[in-house]
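One structure below.
The values are calculated or read from the model by the stated rules, or taken from the named source; none is laboratory data. Being a predicted model, the structure only gives us computed values, none of them experimental. Here the Cβ is made from the backbone with ideal geometry for all residues, glycine too, and neighbour counts use every protein chain on show.
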Amino acid sequence: MTGQDWLEKDFYSVLGVPKDADAATIKKAYRKLARQEHPDHNPGDAKAEARFKDVGEAYAVLSDPEQRGQYDQLRAMAGGPRFTAGGRGGAGFEDVFGGMFGGAQPGGGRVRYTNAPGGAAGFEDLLGGLFGNGGAGGFGPQQGADLATSATLPFRQAVEGSTVSLTVEGRTVNARIPAGVRDGQKIRLRGKGRPGAGGGPAGDLVITVRVTPHPVFSVDGDNLRITVPVAFDEAALGATIEVPTLDGSTVRVRVPEGTPSGRVLRVKGKGVPGSKGDLLITVQVVVPQRLSAAAREAVQAFGIATSGEDVRADLLDAAKK
């Protein structure tokens, strides 16, 4: 984008915001218009595509404090949207810059600024000199803006890693999501944002990952967690049980005699794939909701046999401290 482009385009009008709009207002307006004019929502509509590009161009300048400041200064000096490249219809740039820098020549003439090679100071060169960004492009190479998007992954894909295709401002970007990514984690793809101007580098693409919860497993660092129901007799007497793993197989796990509800058992190497994490198994002792007559008698017999033990003794003693 050249300095002349900045003079001819009213980015505030493109976004529909006042010139004193704050950053939040500008971002809100951009998001609304970008969604409205996005090519995916207007297939085959060349006008909508052009408006989408104009909106992106306006936001790229107004969202960057430094570029916005330069843009405002330039348009203020040039008389805003009434500025023309000379002739009728407003102040020509010869008059504006001649007045600014006292360019009157002897005899009442003015210094003229042309775009012709080999002439006096070129218009783009003059603007580049004003803002310390000389060069053929007027404002020199500028890095493209960073872009933000999101991707939602099923739990298994997030844990195992996956490649997703995202549509960003009308183009497709393939992104590799590493194994073990967490819900809400941000991934930055260098050079996948908005293209730069004047040969400048592209910005980055920042992806916020959303992970759909799994009904059984959860992630804890490099470990996977699972809660496994255990019958009362299995917990009291000890047992060997089968526990599912993320890869679809099962592992046999020994539940020690006298295991209480909430105890965590560990299976080495069955955590997040590709890591050194483990599978952490939380034991949940299941209390029967309904008992047959025989089962009720057995539980009552158990209560009588263990009646000399106070399971809350330690709790009562600790409460008195």
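Say whether the condition of being hydrophobic (A, V, I, L, M, F, W, C), in a helix (DSSP H, G or I), farther than 24 Å from residue 277 by Cα and touching an Asp or Glu at 6+ places or on another chain (Cβ under 8 Å) is met by at least one residue in region 217-236.
Keep residues of region 217-236 that are hydrophobic (A, V, I, L, M, F, W, C), which gives 217, 219, 224, 226, 228, 230-232, 235-236.
Imposing the further condition that a residue be in a helix (DSSP H, G or I) reduces the set to 232, 235-236.
Right, trim to farther than 24 Å from residue 277 by Cα and you get 232, 235-236.
Restricting the remaining residues to those that are touching an Asp or Glu at 6+ places or on another chain (Cβ under 8 Å) gives 236.
Within region 217-236, one or more residues are hydrophobic (A, V, I, L, M, F, W, C), in a helix (DSSP H, G or I), farther than 24 Å from residue 277 by Cα and touching an Asp or Glu at 6+ places or on another chain (Cβ under 8 Å).
Screening 173, 219, 181, 228 for residues that are surrounded by 14 or more Cβ atoms within 10 Å (Cβ to Cβ), without any contact (Cβ under 8 Å) to a residue 60 or more places away in the chain and touching a helix residue (DSSP H, G or I) at 6+ places or on another chain (Cβ under 7 Å) leaves exactly one candidate, 181.
For region 26-53, the set of residues classified as under 22 Å from the mean Cα position of the chain (by Cα) and of a type in the set (A, V, I, L, M) consists of 26, 29, 33, 34, listed by residue number.
Checking the structure you have, find out if any residue of region 281-291 is of a type in the set (D, E, K, R) and at pLDDT 95 or above. Please lay out each step first, then the result.
We begin by selecting, within region 281-291, every residue of a type in the set (D, E, K, R); these are 290.
Next cut, at pLDDT 95 or above only: none.
Among the residues of region 281-291, not one is of a type in the set (D, E, K, R) and at pLDDT 95 or above, which makes the answer no.
Restricting attention to region 150-170, the residues that are hydroxyl-bearing (Ser, Thr, Tyr) and crowded, with 17+ Cβ neighbours inside 10 Å add up to 1.
Residue count for region 166-194, restricted to those that are of a type in the set (Lys, Arg), in a strand (DSSP E or B) and within 17 Å of residue 144 (Cβ to Cβ): 2.
Of the residues 195, 213, 260, which single one is under 25 Å from residue 283 (Cα atoms) and within 20 Å of the chain's Cα centre (by Cα)?
Values: 195 fails: under 25 Å from residue 283 (Cα atoms); 260 fails: within 20 Å of the chain's Cα centre (by Cα).
One residue alone meets the criteria, 213.
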